[in-house]
1. Treat every Asp and Glu Cβ in the range 75-193 as -1 and every Lys and Arg Cβ as +1, leave all other atoms uncharged, and give the resulting dipole magnitude about the Cα centre to the nearest 20 debye.
2. Rank by packing, highest mean first: peptides 113-119, 78-84, 328-334, with packing defined as the count of other Cβ atoms within 10 Å averaged across residues.
3. Taking the Cα centre of the range 328-398 as origin and charging only Cβ (+1 Lys, Arg; -1 Asp, Glu), how large is the dipole, in debye to the nearest 20?
4. What pairs from Lys161/Lys245; Lys75/Lys119; Lys296/Lys387; Lys276/Lys299 go past 20 Å between their alpha carbons?
5. Given charges of +1 on the Cβ of Lys and Arg and -1 on the Cβ of Asp and Glu, with all other atoms neutral, how large is the dipole of the chain about its Cα centre, in debye to the nearest 20?
6. Got a sec to turn the phi values of the range 408-416 into Karplus ³J(HN,Hα) couplings, 6.51 cos²θ - 1.76 cosθ + 1.60 with θ = phi - 60°, whole Hz, x for Gly and Pro?
7. Add -39500 (n - 2.57) for each DSSP H run of 4 or more in the chain, then divide by its residues: what number comes out at 222 nm, to the nearest 500 deg cm²/dmol?
8. What is the range 80-212's relative contact order, in percent, from Cα pairs under 8 angstrom and six or more apart in sequence?
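Please treat every number below as a calculation from the coordinates, not as lab data. Here the structure is a predicted model, which means the values were calculated and not measured. All Cβ positions, even for glycine, are placed from backbone atoms using ideal geometry, and neighbour counts span all protein chains on display.
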Amino acid sequence: MANFNIKKLSKLFHDCEGSITLLGLYMFVAGTMIGAFALDYTYLQATKTQLQVAADQASHAALYNRRTMSETDAKKAAIEIIQPLLPREVYGEIITDSSIEFGSYDRDSLKFTFKAGSKEAVRVTASMLAEKSNAAPSYLFHMLGIDHFDIRARATFMTYKPGCLRQGLMADGIVDLQSNNSFTNGFCVHSNTHISINQNNYFESGTVVSMPHISDLDMPRSGFDKNDGLQEALRDQSMHLNIMKRLEDIESGLNSRSGEYVPTYIDKSLGITYIKASTVTQDMLTPYSIHRIDCKGSKLTIDGSGTAIQDIVIITTCPISFTNGSKIADAVIFTTDTTARSITAPQGLQIGRNDECAEGGGAQLVTMGGVSVASKLSMFGGQILAKKDVDFAANADGLQGASIVTSGEINGTSNSNMGFCLSGMEQNFETDYYRMAE
């Protein structure tokens with residue numbers, strides 16, 4: 001009897017019948033777990049990507065709108081912009097007011113610092129959380145007792161101002177320079193088309209000469225040999241000249257005596273001064289005031305040859321002609337005239353005070369048309385913004401702290417010296433650019 005039981009047990013032990021069914025069960029369970037992981041992982045990655053896109057869009061929108069909106073309105077605009085991507089009816093409140101923070105960002109330490117009222121940077125956190133009742137649901141992971149996932153994504157945007165737009169020659173069209181010009185460290189020459197240059201020009205180390213494709217550079221065959229430093233200064237680069245889209249905003253701000261475009265030396269409590277005159281001098285103007293001038297004819301002559309035009313804003317619809325040797329400092333002169341020569345000067349126009357790059361003293365010429373200066377243009381913390389071409393003839397000297405930006409072309413001739421200033425251009429009209437910090 002004992003032997004019989006041992007034989008039966010031995011047979012049962014060695015019997016393989018049904019083993020495949022058991023192995024299949026194990027494989028099914030393992031496959032289900034792998035499938036659950038793959039399905040939920042793919043879903044989580046897709047959702048994380050959507051949250052990151054939402055955070056990116058919202059942070060850019062918040063900072064862009066903060067330029068002209070209050071913090072509250074900028075946050076509202078940022079939240080609304082993501083609704084087509086992740087509608088709240090489906091995903092709940094992905095981004096709330098409290099998850100949008102304005103502040104500053106230090107690129108050296110890679111640190112964001114909250115600062116109420118800031119327009120410098122913003123940090124946005126997009127999230128799907130159990131505490132917000134919009135956590136991402138799990139699918140097959142329910143089998144393991146996991147019924148949801150908390151997901152977050154964060155984006156930080158910051159403002160910056162390209163150095164080349166602060167000081168340099170910047171044009172959407174061709175920048176055409178002739179011979180015997182000198183450019184010192186920090187000065188930029190940029191065209192969104194191409195640059196044409198002759199010979200015997202000097203580019204100090206640290207100068208930037210840029211265009212979308214440096215292969216389009218137009219120069220004589222011996223150009224690099226006859227243009228010291230040019231080859232080292234060249235950069236492939238395109239640049240949006242955003243300030244040129246703000247000229248109407250600048251005019252509107254000056255007319256209303258409000259906003260970021262009103263110079264600090266203007267007393268906003270003073271009303272607009274209206275003048276009808278074909279020629280104006282400093283003694284006809286009210287200091288620290290904004291003036292609208294009707295030229296009573298075809299042209300407005302501004303005579304700054306005796307006493308400099310200063311501490312004022314002039315707005316006119318007329319073309320402007322400066323007299324010989326005119327000087328302007330702490331002044332904005334704006335014309336809406338659209339002709340190719342809407343601002344002209346025979347010679348010796350000085351834009352800004354010659355104060356060795358001290359703070360203040362700068363001046364701005366803004367036109368919806370073009371600018372032409374016959375010779376000896378000098379700029380000391382000066383700015384020219386023109387919708388059309390800017391031409392200046394020989395011997396432009398003392399361009400220290402100079403910004404010329406145009407939607408047209410820049411045509412400069414010979415024997416000009418152009419340098420960089422660290423200060424003196426605080427009143428220049430600029431607009432923020434935006435980039436992702438993290």
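1. 300
2. Most protected by this proxy first, the peptides run 328-334, 78-84, 113-119.
3. On the way: 5 positive and 8 negative charges, 60 e Å.
Roughly 300 debye, rounded to the nearest 20.
4. Pairs exceeding 20 Å: Lys296/Lys387.
5. That gives the chain a dipole magnitude of about 760 debye.
6. Going residue by residue, I get x, 10, 10, 10, x, 9, 10, 6, 10 Hz, with x marking Gly and Pro.
7. Working: 8 runs with 98 residues, N = 438.
Mean residue ellipticity, 222 nm, calculated: -7000 deg cm²/dmol.
8. About 16 percent, as a whole number.
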